[in-house]
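The values are calculated or read from the model by the stated rules, or taken from the named source; none is laboratory data. Please read these numbers as outputs of a predicted model, since none were measured by experiment. Note that each Cβ is placed from the backbone with ideal geometry, even for glycine, and that neighbours are counted across all protein chains shown.
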């Protein structure tokens, strides 16, 4: 089950049923299926708090993915800062809705095993994001 929650912000205007089906379709491309996945939309301040408390990182970010997946069943908590999504959309010349969906699927791609921290991984992630966005 995929759930959508908020913490201190208004729920973004996403089509939950369509987004859920899209997430499941992207997961299937990687041989995975959606289990318990919770999206928590929040503010910059909340994501900074989560980053400090659980990851010992002292910076803002657009998404933090906690992976509880087992085998081919994806499970996790995905915190998304709507403030940073809005800032990134402006910085990258993208519209807010597209950037939000990019971040939504970015977390799923992490759960599917795609990383973006090491050299060369960022390009792999961006390609996977673009392919997933094209499926929407």
Those residues of the range 46-69 that are over 12 Å from the mean Cα position of the chain (by Cα) and in contact (Cβ under 8 Å) with a residue 12 or more places away in the chain come to a total of 9
Within the range 66-88, the residues that are in a strand (DSSP E or B) and under 20 Å from residue 54 (Cα atoms) are 66, 67, 75, 76, 77, 78, 79, 80, 81
message: Take the conditions surrounded by fewer than 18 Cβ atoms within 10 Å (Cβ to Cβ) and either touching a helix residue (DSSP H, G or I) at 6+ places or on another chain (Cβ under 7 Å) or part of a helix (DSSP H, G or I) (or both) and apply them to residue 114. Does it pass?
response: yes
Only unsatisfied item for residue 89, checking (1) farther than 18 Å from residue 12 by Cα; (2) at pLDDT 95 or above, is (1)
